[in-house]
Amino acid sequence: MGNRKDSVYANPLTEVHQFKFDDRVAQCFPDMITRSVPGYETIIAMTGVMAQRFAQADSHIYDLGCSLGASLLSMRQHVDDASIQIIGVDNSAAMIERCTHIVALNNSPIHTELRLEDMQTTELCNASVVVLNFTLQFIPIEERGPLIDRIYAAMKPGGILILSEKIRFEDEHLQQLNTELHHEFKRGNGYSDLEIAQKRSSLENYLRAETIKSHESRLATAGFSSIDVWFQCFNFASVVAIK
Ligand SMILES: C[S@@+](CC[C@H](N)C(=O)[O-])C[C@H]1O[C@@H](n2cnc3c(N)ncnc32)[C@H](O)[C@@H]1O
Ligand SMILES: O=C(O)C(=O)C[C@]1(C(=O)O)C=C[C@@H](O)C=C1
């Protein structure tokens, strides 16, 4: 259902195509993301802890780009008010299909809806918690501002946005250092140099990382009043923004 070992880039490819969240990736996604993103498990676990604190009665919790539902399941474990609804959105049919099975296996009194939709057009309203865990990075940069503005407009006062991203550094030495440390992390998790190189080129024009400063400035422009980096490991970071 999503428990295979990631071998998507293990063999030499004659041509490396742009990364796609297709069936092959969905099948091994938990293994892929855990071995690729330093701190992933901590970010998912703390997403639940933060949701518990910020979820408001009769409101919606959104997990935008939910993949197999790791963040929404973490939040569902921490929220026990049945007046709250959790909504997961992803535009990959392979992900939503598997996520539907996984969510069904985990009983909960919290109403959970999964949508096979684009997060840029899905209906958003009455939100006390919005999660963008490693998904804004796949939206074209010029479209990120309008999406964050739309999320802000759909949020209740006192609500929280959790934004986790691969980040870029302005300082070229730090950019080089953190890229190398990230690759070292992947090597330590069993990825070969070939896998690292092929995946890197498949993400080249798709995952567009920005600096923490750019993210913070976009969130401030949208109107968020309190913004903070609560987690960072090498070139991955997570930011909270409170309305
Ligand atoms: C790295 S994964 C997210 C991981 C997930 N949030 C987690 O923490 O386990 C990125 C997800 O975003 C989805 N995605 C990318 N662009 C999207 C869009 N425009 N609308 C909805 N989902 C999108 C992909 O299909 C993919 O499942
Ligand atoms: O930068 C990389 O090497 C990654 O693998 C990162 C990343 C991500 O941040 O979403 C990219 C695609 C996969 O979804 C898993 C991890």
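The values are calculated or read from the model by the stated rules, or taken from the named source; none is laboratory data. Predicted model only: the values in this text are computed from it and were never measured. Here Cβ is always computed from backbone atoms with ideal geometry, including for glycine, and neighbour counts include all displayed protein chains. To get the accessible areas, we keep the full protein, side chains included, count just its heavy atoms, and leave off ligands, DNA and RNA. Shrake-Rupley method; radii C 1.70, N 1.55, O 1.52, S 1.80 Å.
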Here Rg/Rh (Cα, Kirkwood) for the range 4-60 equals 1.17
Sorted from largest down, what three extents in whole angstroms do the Cα atoms of the range 77-206 have along their principal axes? 48, 34, 26
Using alpha-carbon coordinates alone, the radius of gyration and Dmax of the chain in Å work out to 17.5, 53
Those helices of the chain passing the 20 Å axial Cα length cut-off and the mean Kyte-Doolittle cut-off of -1.0 (DSSP H runs only) are 40-54, 141-154
With DSSP loop assignment and no more than 12 other C-beta atoms within 10 Å, the GluC sites (Glu not before Pro) in the range 143-197 are 170
Provide Rg over Rh for the range 131-243; use the alpha carbon set for both Rg and the Kirkwood Rh (inverse mean inverse pair distance). 1.01
Give 20/213; 186/213; 20/166 a once-over and call out the pairs whose C-alpha atoms are over 21 Å from each other. 20/213; 186/213
Which value, in Å² rounded to 10, gives the accessible area of residue 108 with a 1.4 Å probe and all protein chains present? 40 Å²
Estimated distance in nm for a label pair at residue 116 and residue 183, the labels positioned 7 Å out from Cα along Cα-to-Cβ: 3.8 nm
Could you pull the accessible area for residue 58 with a 1.4 Å probe, rounded to 10 Å²? 110 Å²
Per the Cauchy relation, a quarter of the hull surface: what is the mean projected area of the convex hull of the alpha carbons in the range 28-103, in nm²? 5.0 nm²
Need the full-extension length gain, residue 24 to residue 108, defined as separation in residues times 0.36 nm minus the C-alpha distance. One decimal, nm. 27.4 nm
Starting from the Cα of residue 208, step 7 Å along the direction of its Cβ; do the same at residue 173; then give the gap between the two resulting points in nm. 2.9 nm
Restricting to the chain, what percent of DSSP beta bridges are antiparallel, rounded to 5? 40 percent
In deg cm²/dmol, rounded to the nearest 500, the helical mean residue ellipticity at 222 nm of the chain, built from -39500 (n - 2.57) for every DSSP H run of length 4 or more, is -13500 deg cm²/dmol
For the range 198-243 and the range 84-113, what is the centre-to-centre distance using only Cα atoms, to the nearest Å? 25 Å
